[in-house]
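*Asks:* After the structure tokens below, expect a handful of questions from me.
The values are calculated or read from the model by the stated rules, or taken from the named source; none is laboratory data. Predicted model, so just to flag it, every value in this text is computed and none were measured. As a convention, Cβ positions derive from the backbone with ideal geometry for all residues, glycine included, and neighbour counts pool all protein chains shown. Note: accessible area is taken over every heavy atom of the protein model, side chains too, but ligands, DNA and RNA are not part of it. Shrake-Rupley method; radii C 1.70, N 1.55, O 1.52, S 1.80 Å.
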2 protein chains.
Amino acid sequence: MSADAALDKAREGLRTAILRGEYLPGERLVEAQLCERLGVSRFNVRAAIQELAADGLVKVERNKGAHVRKVSIDEAVEITEVRMVLEGLVAARAAAKVTDAQASELDEIGLLMRRAVSAGEFRRYSDLNQRLHSLIRDVAGHSTADGIIETLRGQLVRHQFMLSLHPGRPAISLPQHERIIEAIRERDPKAAEDAMRAHIASVIEALRDMDAGEVR
Amino acid sequence: MSADAALDKAREGLRTAILRGEYLPGERLVEAQLCERLGVSRFNVRAAIQELAADGLVKVERNKGAHVRKVSIDEAVEITEVRMVLEGLVAARAAAKVTDAQASELDEIGLLMRRAVSAGEFRRYSDLNQRLHSLIRDVAGHSTADGIIETLRGQLVRHQFMLSLHPGRPAISLPQHERIIEAIRERDPKAAEDAMRAHIASVIEALRDMDAGEVR
DNA sequence: GCCGCCAAGATTGTCAACAATCAGCAAGTC
DNA sequence: GACTTGCTGATTGTTGACAATCTTGGCGGC
């Protein structure tokens, strides 16, 4: 294995394990165990841990090692609020820059989403959801916002997984997504930003409801 | 020196040196030289570099070492756009949470700013500017947004220094600041967000003008 | 004079070993 | 039984040395 590949392997291996729930929030990450598990040296394990700490997935405390970061609902709400304004900025910019080909692709995704909801294919809908958000970010080409959004997404994976388990969500978010697509297609930055913010405000609402023990 | 103090010393020493312009954008940061200069071991120098890389102040490339990050005007604009929406979120939240005592303090700062502009004390105005933004963030208590804003500020120090060198800026930004203060005092989140975004949009405009070679 | 190549020194990446600190368990005391 | 203390093994932090890679200056060729 080449030297630089070892660090990649360590970082992505550990990231994947955390995002998959193989290490639970609060769980301690022991370097020696990770060396075995990931098949890399301690040097690379330590480097990977530092990188994931910078991404907010891991908390490192001096002399106490690294733990998977616990993200409370309140934190998840805050993170989602930040995402809301950033993705609003991105949607506005996408509306200002979208090409005809890109608009067609957005519509295509919207159609597939409608079909997935009608067919009750929620896993498929979730994938399309991600694809839509990702395409909008590509259209916008705002690398600063992109980087931050990507980092924050990693911190919210667990909460988003729990949200996606609730069958009522797609019916609520589909029309929101459609409104976003329409505003971008119409090249209306203000409407795109408002639609995206409304959509993510709805996610925040769902997070709060989940905290209160109910989901609509 | 205690062990954990060495890392603090390395990180803050290097951060300060970069923010003060003692290392220029693009300049290479050589570990051995930093060990001498900061009076810490190579281990701590490397750790400090990684932390500053996570903050976006430094770029690290495998086998080529660390360089002070160059932030182009386009990047500065993007970063400021992100700040615009985040500080808008923060201002809205401050408007929703402000206490009477905090509102008085905001007004006090506004008064001091007016005086500083009248007296042509631009350095003082700049300090008050920071104090105002910092207080608004305290009032809002949005730690996720706060952390990101703080990180982004570090990346923009150079550009903000150049902006503050232009005597026309305070006359433009003072009424903008006053509008922000008023909206928060009136507990109007929407107005606060709009006022903050307008203010920072004006900063973006000034950045673009600086790029084009003129400043109004 | 300019360009390309190569060697040497500079620098970064990494390791094994050791020092420092912590966590958990067992024993003792109240 | 509950609490405290001390010890031991586990774990993290760090060092000095060496391997790997890069950068630069000098030399030779055109």
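*Asks:* Report the B-A buried area as the accessible area lost on both sides summed, probe 1.4 Å, in Å² to the nearest 100.
*Replies:* Between B and A, the summed buried area is about 1900 Å².
*Asks:* Something else now. In cubic angstrom, how much convex hull volume per residue do the alpha carbon atoms of region A:13-104 span?
*Replies:* Normalising the Cα hull of region A:13-104 by residue number yields 154 Å³.
*Asks:* So which trypsin sites (Lys or Arg not before Pro) in region A:1-65 end up in coil per DSSP with only 12 or fewer other C-beta atoms within 10 Å?
*Replies:* Passing sites in region A:1-65 are A:20, A:62, A:64.
*Asks:* Can you give the calculated 222 nm mean residue ellipticity of chain A, where each DSSP H run of n ≥ 4 adds -39,500 (n - 2.57) and the sum is split over every residue, rounded to the nearest 500 deg cm²/dmol?
*Replies:* -25000 deg cm²/dmol
*Asks:* On to the next question. Considering only A:23, A:41, A:132, whose Cα is most displaced toward the positive end of the charge dipole of chain A, charges sitting on Cβ of Lys, Arg (+1) and Asp, Glu (-1)?
*Replies:* Farthest along the dipole direction, towards plus: A:41.
*Asks:* Hey, another quick one. What whole number of Å gives the distance from the Cα centroid of region A:61-80 to the Cα centroid of region A:1-59?
*Replies:* Taking the Cα centre of region A:61-80 as reference, the centre of region A:1-59 is 16 Å away.
*Asks:* Ok, one more. Quick one: putting +1 on the C-beta of Lys and Arg, -1 on the C-beta of Asp and Glu, what dipole do you get for the protein assembly as shown around its Cα centre, in Debye to the nearest 20?
*Replies:* With only Lys, Arg, Asp and Glu charged at Cβ, the dipole is about 940 debye.
*Asks:* May I pose another question? Between copies, how far does the label point of residue B:9 sit from its twins, in nm, shortest first, when each point is 7 Å from Cα along Cα→Cβ?
*Replies:* 3.8
*Asks:* Each residue of region B:91-107 in order: what ³J(HN,Hα) in whole Hz does its phi give by Karplus 6.51 cos²θ - 1.76 cosθ + 1.60, θ = phi - 60°, with x for Gly and Pro?
*Replies:* 4, 4, 5, 4, 4, 7, 10, 4, 8, 4, 4, 5, 4, 4, 5, 4, 4
*Asks:* Other chains near B:168-174: what is the mean number of their Cβ atoms within 10 Å of each residue's Cβ?
*Replies:* 0
*Asks:* If ligands, DNA and RNA are left out, what is the accessible area of residue A:157 with a 1.4 Å probe, given in Å² to the nearest 10?
*Replies:* That residue has around 50 Å² of solvent-accessible surface.
*Asks:* For region B:97-216, which whole percent of the accessible surface, found with a 1.4 angstrom probe, sits on carbon and sulfur atoms?
*Replies:* Accessible surface attributable to carbon and sulfur in region B:97-216 totals 50 percent.
*Asks:* Please identify, among B:66, B:206, B:119, the residue showing maximal mean-square fluctuation in a Gaussian network model of chain B using a 10 angstrom Cα cutoff.
*Replies:* B:119
*Asks:* Among B:175, B:95, B:67, pick out the residue whose Cα is farthest towards the positive end of the charge dipole of region B:63-192, where Lys and Arg carry +1 and Asp and Glu carry -1 on C-beta, about the Cα centre.
*Replies:* After comparing all options, I get B:67.
*Asks:* If contacts are Cα pairs under 8 angstrom and at least 6 residues apart, what is the relative contact order of region B:3-68 in percent?
*Replies:* Numbers: 68 pairs, mean separation 26.8, N = 66.
Averaging sequence separation for qualifying contacts and normalising by length gives 41 percent for region B:3-68.
*Asks:* Which value, in debye to the nearest 20, gives the size of the charge dipole of region A:3-68 about its Cα centre, when Lys and Arg are +1 and Asp and Glu are -1 at the Cβ?
*Replies:* Dipole about the Cα centre, nearest 20: 200 debye.
*Asks:* How large are Rg and Dmax for the protein assembly as shown when only the alpha carbon atoms are used, in Å?
*Replies:* 23.2, 69
*Asks:* What does the charge add up to near residue A:80, with Lys and Arg as +1, Asp and Glu as -1, over the other residues with Cβ less than 15 Å from its Cβ?
*Replies:* Once positives and negatives cancel, what remains is -2.
*Asks:* If r is the Cβ-Cβ distance from residue A:104 to residue B:162 and R0 is 41 Å, what FRET efficiency results, to the nearest 0.05? Display every interim value, and only then the final one.
*Replies:* Values: r = 43 Å, r/R0 = 1.05.
About 0.45, to the nearest 0.05.
*Asks:* Normalised by the number of residues in chain A, what is the relative contact order in percent for Cα pairs under 8 Å and 6+ residues apart? If you can, show how the numbers build up before the last one.
*Replies:* Values: 250 pairs, mean separation 55.3, N = 216.
The normalised contact order for chain A reaches 26 percent.
*Asks:* What is the mean number of Cβ atoms from other protein chains located within 10 Å of the Cβ atom of each residue in peptide A:48-59, rounded to a whole number?
*Replies:* Partner Cβ neighbours, averaged per residue: 2.
*Asks:* Still on this structure, please answer the following. How large is the dipole of chain A about the Cα centre if only Lys and Arg carry +1 and Asp and Glu carry -1, each at its Cβ, rounded to the nearest 20 debye? Please list the in-between numbers first.
*Replies:* Details: 32 positive and 34 negative charges, 111 e Å.
Magnitude of the dipole: close to 540 debye.
*Asks:* How shielded is B:77-88 by partner chains, expressed as the average number of their Cβ atoms within 10 Å of its Cβ atoms? If you can, show how the numbers build up before the last one.
*Replies:* On the way: counts 1, 9, 2, 1, 8, 11, 1, 2, 12, 6, 1, 3.
Mean partner-chain Cβ count within 10 Å for B:77-88: 5.
*Asks:* Now a separate question. Could you state, as a whole-number percent, how many of the C-alpha pairs of chain A are farther apart than 24 Å?
*Replies:* When all Cα pairs of chain A are counted, 49 percent exceed 24 Å.
*Asks:* Looking at this model, which pairs from A:97/A:190; A:59/B:59; B:9/B:59; A:70/B:9 are more than 24 angstrom apart at the alpha-carbon?
*Replies:* As for pairs spanning more than 24 Å Cα to Cα, those are A:70/B:9.
*Asks:* Full extension from residue B:188 to residue B:9: what is 0.36 nm times the residue separation minus their Cα-Cα distance, to one decimal in nm?
*Replies:* On the way: separation 179, 0.36 × 179 = 64.44 nm, distance 4.27 nm.
Answer, rounded to one decimal: 60.2 nm.
*Asks:* From the label point of residue B:143, set 7 Å along Cα to the beta carbon, how far off in nm is each other copy's matching point, shortest first?
*Replies:* 3.2
*Asks:* Put +1 on the Cβ of each Lys and Arg and -1 on the Cβ of each Asp and Glu in region B:105-216; which of B:156, B:120, B:106 then has its Cα farthest toward the positive end of the dipole?
*Replies:* With unit charges placed on the Cβ atoms, the residue in question is B:120.
*Asks:* Compute the label-point distances linking residue A:212 to its equivalents in the other copies; points lie 7 Å from Cα along Cα→Cβ; give nm, one decimal, shortest first.
*Replies:* 5.0
*Asks:* Which whole-angstrom value gives the distance between the alpha carbon centres of region B:89-154 and region A:113-186?
*Replies:* Value for the Cα centre distance between the two parts: 35 Å.
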